[in-house]
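Engineer: Please find one structure pasted underneath; my questions will follow.
Taken together, the values in this text are just the output of simple stated rules run on the coordinates, not laboratory data. Since we're looking at a predicted model, the values are computed, not measured. Glycine gets a Cβ as well: all are built from the backbone with ideal geometry, and neighbour counts include every protein chain shown.
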Amino acid sequence: MKKIAVVTGASSGLGREFVRQIAKETALDEIWVIARRRDRLLALEQEVTVPLRILALDLTDPQALDAYSAELRAARPSVELLVHAAGFGKMGDYRAIALEDATRMIDLNCKAAVSITERTLWRMHRGSRILEICSTAAFQPLPALNVYAATKSFLYHYTRALRVELRGRCIGVTAVCPYWIKDTEFIENARRHAGSDAVRHFRFASTEREVVAQALADSRQNRAVSTPGAVCSMDRIAAKILPSSLLMEAWNWMRTK
């Protein structure tokens, strides 16, 4: 039985970096990489020594999710690690973000995350690990990142509860909650529309290499939450102490100053 990792969102950003680092650190027969852009996945194949199984799938398409399940049924691998890094965001208020983009964020960040996770669980075992890429945005409501923050809050709470549900199977589950990351496409893509000035500053941003290294280390230590950086760690604490109304006002001031 092949030992594999599954990484969604593997064509760029954190997903791609997870593949690179997993390939170096983990003894696997194969890494299954999932994203829409086949050309990016083929390029990634040249960067790593572990064989990749390329699944060019749009996870907002139910047929693509069924195709993934069919691959699992046919191959019957042992899934050692699942990293769900697929997701996207848009900045701006309700007037700036098209309804199509808002609903697609929900479909990818929430529905696809649950579907991929639960379709994979039957091939996981004692000692397997799951990393769900949430966000610091999960800790409080954020005007101008309204829908995105709400989807990440959903994923964060889903992940925390799933961890408890899987405790009896000894499967580790970690919610990864990074702050801004300066060397991914997220900020550029999130600003590419009418709400491009909704957030003007991205101070104290981390790098994808730092975030992934910390997330994998926290997962190996079976931590419930990974906050890879000082800002996200402080924000998590602040969200437990301060009312969300105060945090929203602080965010509204900070994002444009």
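Engineer: Taking springs between alpha-carbon atoms closer than 10 angstrom, which of Cys170, Cys110, Cys232 fluctuates most in the Gaussian network model of the chain?
Structural biologist: Cys170
Engineer: Right, here's the next one. Highest first, please rank the peptides 116-124, 75-83, 97-105 by the mean number of other Cβ atoms sitting within 10 Å of their residues.
Structural biologist: 75-83, 116-124, 97-105
Engineer: So, in nm, how far is label Val114 from label Thr49 when the simple model puts each one 7 Å beyond its Cα toward the Cβ?
Structural biologist: 4.1 nm
Engineer: Among Val164, Val48, which comes first, then next, by fewest other beta-carbon atoms within 10 Å?
Structural biologist: Going from least to most buried by this count: Val164, Val48.
Engineer: Compute the helix-to-body angle for 13-25: its Cα long axis versus the longest principal axis of the chain, expressed 0 to 90° and rounded to tens.
Structural biologist: 40 degrees
Engineer: Taking the chain as a Gaussian network, where each spring joins two C-alpha atoms under 10 Å apart, which residue of Ala35, Ala224, Ala239 fluctuates the most?
Structural biologist: Ranking Ala35, Ala224, Ala239 by mean-square fluctuation puts Ala239 first.
Engineer: Another question about this same structure. Of the listed pairs Lys182/Lys240; Lys2/Lys111; Lys152/Lys182; Lys3/Lys182, which have alpha-carbon separations greater than 30 Å here?
Structural biologist: As for pairs spanning more than 30 Å Cα to Cα, those are Lys3/Lys182.
Engineer: Per-residue HN-Hα couplings for the range 94-100, Karplus 6.51 cos²θ - 1.76 cosθ + 1.60 at θ = phi - 60°, whole Hz, x for Gly and Pro?
Structural biologist: 4, 7, 8, 9, 5, 4, 4
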